[in-house]
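Read through the structure below, which is laid out as structure tokens, and then see the notes.
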């Protein structure tokens, strides 16, 4: 097992009423012990962050946002800034999720700007990278992931990854029920770490790289047992407290 502390982050996406979320947070907090090796974080929709922050304050579970704007403040209706997230004691923010890239036109340049905005606000960005099915079938996985990584590293420097988390999410395995095999996932994680090691071995060795893509309790242990997989970015399964906690235990 890696010496890096594993992280399991739940991305609720646009789900959850106030009552449902309160019950979910209470169950997760009860299920995560203070001495757990695994770090657990919850990333709810913006409107639910105050509720989550109130319920998790002082406990072992962290929380964060699902995205942020590149600006600190201003006339950007509908957006939420890094300082606003930090004001509610968010520790993390997801940057460059495949749905943001595909549905909202966030290209590599925008993602790199958001990465910098997150760190400027004192947040730890969870930077998502990954390929579509067409790109995988065209044997372009490494080229796509390298391009997405380089956009951030070239803009902010390799040292910026000392205060960041990466998440490899094969787009073809998100919400589809398909999952990369442990070996497929490990191959890309190893590629990522190796590419970064060419710039700075220490940064690469210390960087936590999560896997995201239909992780379930049934496959979590084998996925997290790979040498370069340091936990998971969990989507749908994070909406079920029992299932999510089983995934967390698989990483512990």
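Every read-out reported here was derived from the displayed coordinates using simple, explicitly stated rules and does not represent laboratory data. As the structure is a prediction and not an experimental result, all values here were calculated from the model. A quick note on method: Cβ atoms are made from the backbone with ideal geometry, for glycine too, and the neighbour counts reach across all protein chains shown.
Observations, loosely collected:
- Given R0 = 22 Å, the distance between the Cβ atoms of residue 142 and residue 120 translates into a calculated FRET efficiency of 0.15.
- Packing-based order for 8-14, 34-40, 58-64, using average beta carbon neighbours within 10 Å, highest first: 8-14, 58-64, 34-40
- The chain: relative contact order as a whole-number percent, Cα under 8 Å and 6+ apart: 22 percent
- When the alpha carbon gyration tensor of the stretch 96-225 is reduced to an equivalent ellipsoid, its three semi-axes come out at 22, 17, 14 angstrom, largest first.
- Antiparallel %, DSSP beta bridges [both residues in the chain], to 5: 0 percent
- Least to most buried among 49, 247 (fewest other Cβ within 10 Å first): 49, 247
- Between the stretch 204-227 and the stretch 6-23, the Cα center-to-center distance that results, in Å: 20 Å
- All-pairs Cα distance distribution in the stretch 16-156, expressed in whole percent, bin size 5 Å: 2, 10, 18, 19, 17, 14, 11, 8, 2, 0
- Three principal axis extents of the chain based on alpha-carbon atoms, in descending order, are 45, 45, 33 Å.
- Using a Gaussian network model of the chain in which every pair of alpha carbons under 10 angstrom is joined by a spring, one finds that among 226, 66, 183 the greatest mean-square fluctuation is at 183.
- Full extension of the chain segment joining residue 22 with residue 162 gains 47.1 nm, where the gain is 0.36 nm per residue of separation less the Cα-Cα distance.
- GNM remark for the chain: springs join alpha carbons under 10 Å apart, and the peak mean-square fluctuation among 241, 204, 102 falls on 102.
- Rg/Rh for the stretch 169-252, where both radii come from Cα atoms and Rh is the Kirkwood radius: 1.00
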